[in-house]
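The values are calculated or read from the model by the stated rules, or taken from the named source; none is laboratory data. Please read all numbers here as calculations on a predicted model, not as lab measurements. Virtual Cβ from ideal backbone geometry, glycine too; neighbours counted across all protein chains shown. When the accessible area is computed, the model is the full protein with side chains, heavy atoms only, and any ligands, DNA or RNA have been set aside. Shrake-Rupley method; radii C 1.70, N 1.55, O 1.52, S 1.80 Å.
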There are 2 protein chains.
Amino acid sequence: MSGFVCEYTPWIALSRVKGLGGVGFKKLAAHFADPTAALSAPASELAQVPGLGKDAIEGLLGFSEWRQADAEMRRILDAGIRIVPFVDSHYPARLRAIADPPPLLYVRGEFSAADERAVAIVGSRSASEYGRRIARSICRGLASVGITVVSGMARGIDGTAHETALDSGGRTIAVLGCGVDRVYPPEHEPLYARICRQGAVISELPLGTRPAAFHFPARNRLISGLSLGVVVVEATEKSGSLITAALALEQNREVFAVPGEVGSSRSRGAHRLIRQGAKLVESADDIVEEIAPQLVRPNSASSPPRGLPHHWGEDRHRVFSLFQERALHIDEVTEMSGLSPAQVSQILLELELQGFLRQLPGKRYAAEQ
Amino acid sequence: MSGFVCEYTPWIALSRVKGLGGVGFKKLAAHFADPTAALSAPASELAQVPGLGKDAIEGLLGFSEWRQADAEMRRILDAGIRIVPFVDSHYPARLRAIADPPPLLYVRGEFSAADERAVAIVGSRSASEYGRRIARSICRGLASVGITVVSGMARGIDGTAHETALDSGGRTIAVLGCGVDRVYPPEHEPLYARICRQGAVISELPLGTRPAAFHFPARNRLISGLSLGVVVVEATEKSGSLITAALALEQNREVFAVPGEVGSSRSRGAHRLIRQGAKLVESADDIVEEIAPQLVRPNSASSPPRGLPHHWGEDRHRVFSLFQERALHIDEVTEMSGLSPAQVSQILLELELQGFLRQLPGKRYAAEQ
């Protein structure tokens, strides 16, 4: 598949396959080494991908829009937008682990290793001065300990959260429900520009996609997926923030809520969440206390690399044993293990997600200390 | 032991025995039929009471203040104060079941069968207008469904709770940390008078006892002990309300807390409770929903349980009355009745043979329909 304007064109192609969502994509990613392989696989091989739906298989087999995908890739390059496909080392590891990750992210600005420690702050678009004050106080506290603030760049709490993180010298990620080349709401143009310089504005939606309400639930799964936990600051009972909180729970993220006065409609959603088990928080300290166990890398200092669980398959043990001495390129692993590139890709991903390996630049991997 | 001004003089005597607290008293009550028996028992018999402490035994053996006890009884009668000893059918069953119930209660006004359904409202003495507003709203709601409001008659939330219950035509019980013949704080004199007419002012402390801070924790165990649950409305981090909440948990009562704005010192205690597992509540409905299972009388609808023959002894009536709400384990019956295990076994057997109770698996009994 040469002749494309960029090696990532097949990723654009894959993201445009009809009938293929994040869940189906993840199953493909576990089976094929790269999108080109998936897009050129015969029906017989696609049928062997566990759990891949009929619509997705038909979409893959019928895909023919390579020219359009490459033209899109050209527009992306011209606009100075970064593409981060699922297998890229910059693709956030926590997001990669959710059940329905996007095949690729459109990114303005850039991800940092520090974004592994991210917390989402979401809340009402029509926030009260009280809500904004508490959001500011929490974001200042998170920024001061190096935690990236994730939000949706909406009016109200979202905007306040991004702004405060930036003002405090911290990092922030805005996940949009439109293409990253669009600024919504328009008055957030200056904020958008600041986030691009001091963090990242990201979306899974193609360039030019307009903001629409039906994009927001999907967008919200990325907000929670990127984060260790989600803090709901003010939310009415019908707020989209409650959807984000529900997705966060599905993704095994912590859910935090800030209480307010009984009788204020903006506190009702947060109170309901607390009744359902969300943790009541008053400050960044309360949040950090809860996520602290996840901030520490258990294997960091002295302890030798853990062994793999015994019940894990022989292939995984074989691959992992190769890393006892040094870091390896993915092709070396394939060669040394005698496994197929697809198998190796999948095993390396699993080992990375489980914390046994970490990815280095240039498709190289090393054992976690 | 004749010649006393009142049959309850021995109870006054028992309540004045040095070294005997609520826990020791409960052990005595399980062993002896009445206080006179306990106060005249030889050392050898007292030594057989399981768990009774050395100090309590010495206090019982050395007790000689019968004359003073009788004089006190005279003062009580003259003051028109009611004495409700542990075995009295008016002694609240829920309070009887705690680990350290008082041997007797001094009561102004009177208990009602409705007080079985009681909820305590406690909070800051220096309540905000917000706190008072929510306390009023909750108490109105509780009163409207016939739930008795229990509190400590202190300034602030306590006073507001009693007042609102009375204004709403409901019942209320004030538990004092001084003798029931004292009004503290003095400005609550009119409130005190109203409670005596429309509920009860109670204390376990002898007449004339002054209010003192060290009485309050003991008083608080009665507030929670009388109640199905305790609602903390506003509480600083050092509030006595948090002690009440802790006692409520020990007594297996529900603990509820009303949130407020982050940053308000008066909400900090409530927020801490919620973080520790207290249920966040916004209204009486939230509370009723939680305690509803305890409010339902399973036998109420179709056929009311038959009454025992009038000529049957008081003990049998007392035991049988415990089964009006639900099935009970034999140990619960012992605890709630204040009778000895041997007495309880015998009475349960009689009630079963006469067809008033049926035995369930695991030493549990239920009223026959």
Selection over segment B:29-69 where residues are within 15 Å of B:PHE4 (Cβ to Cβ) and charged (D, E, K, R) yields a count of 3
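Restricting attention to segment B:237-266, and to residues there that are more than 14 Å from chain A (Cβ to nearest Cβ) and of a type in the set (D, E, K, R), which single residue is surrounded by the most Cβ atoms within 10 Å (Cβ to Cβ)? So that I can check it myself, show each step before the final result.
Start the filter on segment B:237-266 by keeping residues that are more than 14 Å from chain A (Cβ to nearest Cβ), which leaves B:238-253.
Filter again for of a type in the set (D, E, K, R), leaving B:238, B:250, B:253.
On the way: B:LYS238: 11, B:GLU250: 12, B:ARG253: 24.
Applying the filter and picking the extreme gives B:ARG253.
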Identify the single condition in (1) hydrophobic (A, V, I, L, M, F, W, C); (2) at pLDDT below 95; (3) part of a helix (DSSP H, G or I) that B:ALA99 does not satisfy, given that it satisfies every other one. (3)
Is at least one residue of segment B:327-339 open to solvent by 50 Å² or more (accessible area, probe 1.4 Å) and either more than 27 Å from the chain's Cα centre (by Cα) or modelled with pLDDT under 85 (or both)? no
Can you tell me which residue among A:ALA248, A:ALA213, A:ALA200 is of a type in the set (Gly, Ala, Ser) and out of contact with any strand residue (DSSP E or B) (no Cβ under 8 Å at 6 or more places or on another chain)? A:ALA213
State whether one or more residues within segment A:87-96 are under 20 Å from A:LEU247 (Cα atoms), open to solvent by 40 Å² or more (accessible area, probe 1.4 Å) and under 12 Å from the mean Cα position of the chain (by Cα). yes
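Does A:GLN359 meet the test of being modelled with pLDDT under 85, closer than 23 Å to A:LEU226 by Cβ and surrounded by 18 or more Cβ atoms within 10 Å (Cβ to Cβ)? Steps first, please.
On the way: modelled with pLDDT under 85: yes; closer than 23 Å to A:LEU226 by Cβ: yes; surrounded by 18 or more Cβ atoms within 10 Å (Cβ to Cβ): yes.
Judged against the criteria, A:GLN359 is a match.
Can you name every one of the helices (runs of 4 or more DSSP H) wholly within segment A:1-43 that holds 2 or more residues which are more than 23 Å from the chain's Cα centre (by Cα) and over 21 Å from A:ILE347 (Cβ atoms)?
Values: elements: A:9-15, A:22-31, A:35-40.
It comes to A:35-40.
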Near pairs, Cβ below 8 angstrom, 6+ apart or cross-chain, from segment A:321-347 (closer than 13 Å to A:ARG358 by Cα and touching a residue at least 12 places away in the same chain (Cβ under 8 Å)) to any residue that is basic (Lys, Arg) and outside any loop (DSSP other than H, G, I, E, B): A:ALA327/A:ARG364; A:LEU328/A:ARG364; A:HIS329/A:ARG364; A:ILE330/A:ARG364; A:ILE347/A:ARG316
Go through segment B:92-118 and count every residue that is in contact with a Leu (Cβ under 6 Å, 6 or more places away or on another chain) and among the hydroxyl-bearing types (Ser, Thr, Tyr). 0
Starting from segment A:7-35, take each residue that is more than 18 Å from A:ALA47 (Cβ to Cβ) and list its partners that are at pLDDT below 90, counting only C-beta distances under 7 angstrom and pairs at least six apart or across chains. A:PRO10/A:MET1; A:PRO10/A:ASP34; A:ALA33/A:PRO341; A:ALA33/A:ALA342; A:ALA33/A:SER345
Which of the numbered conditions does B:LEU360 fail, given that it passes all the others? Conditions: (1) under 27 Å from B:LEU28 (Cβ atoms); (2) in contact (Cβ under 8 Å) with a residue 12 or more places away in the chain. (1)
Only one of B:ASP88, B:ASP70 that is of a type in the set (D, E, K, R) and either within 14 Å of another protein chain (Cβ to nearest Cβ) or assigned to a helix (DSSP H, G or I) (or both): B:ASP70
Restricting segment A:102-120 to residues that are of a type in the set (Gly, Ala, Ser) and assigned to a helix (DSSP H, G or I), the one surrounded by the most Cβ atoms within 10 Å (Cβ to Cβ) turns out to be A:ALA114
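Given the criteria modelled with pLDDT under 95, surrounded by fewer than 21 Cβ atoms within 10 Å (Cβ to Cβ), in contact with a helix residue (DSSP H, G or I) (Cβ under 7 Å, 6 or more places away or on another chain) and not β-branched (Val, Ile, Thr), does A:ALA79 qualify? If you could, list the steps in order and put the result at the bottom.
On the way: modelled with pLDDT under 95: yes; surrounded by fewer than 21 Cβ atoms within 10 Å (Cβ to Cβ): yes; in contact with a helix residue (DSSP H, G or I) (Cβ under 7 Å, 6 or more places away or on another chain): no; not β-branched (Val, Ile, Thr): yes.
No, not satisfied.
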Any chance segment B:137-147 includes a residue that's in contact (Cβ under 8 Å) with a residue 60 or more places away in the chain, small (Gly, Ala, Ser) and closer than 28 Å to B:ARG16 by Cα? no
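Let me confirm something: among A:VAL84, A:VAL49, which residue is over 22 Å from the mean Cα position of the chain (by Cα), within 30 Å of A:ALA366 (Cβ to Cβ), buried (at least 19 other Cβ atoms within 10 Å of the Cβ) and among the aliphatic types (A, V, I, L, M)? Spell out the reasoning first.
On the way: A:VAL84 fails: over 22 Å from the mean Cα position of the chain (by Cα).
Just one listed residue meets the conditions, A:VAL49.
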Flag if B:VAL49 is outside any helix (DSSP H, G or I) and in contact (Cβ under 8 Å) with a residue 40 or more places away in the chain: no
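Okay, residues lined up against (1) hydrophobic (A, V, I, L, M, F, W, C); (2) free of Cβ contacts under 8 Å to residues at least 12 places away in the same chain; (3) open to solvent by 30 Å² or more (accessible area, probe 1.4 Å):
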position: A:GLY225; (1), (2), (3): no, no, no
position: A:GLY229; (1), (2), (3): no, no, no
position: A:GLN276; (1), (2), (3): no, yes, yes
position: A:SER283; (1), (2), (3): no, no, yes
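Here is a yes/no grid of residues against (1) in contact with a helix residue (DSSP H, G or I) (Cβ under 7 Å, 6 or more places away or on another chain); (2) farther than 27 Å from B:HIS317 by Cβ:
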residue	(1), (2)
B:TYR8	yes, no
B:LYS54	no, yes
B:GLU58	no, yes
B:PHE63	yes, yes
B:TRP66	yes, yes
B:VAL87	no, no
B:PRO92	yes, no
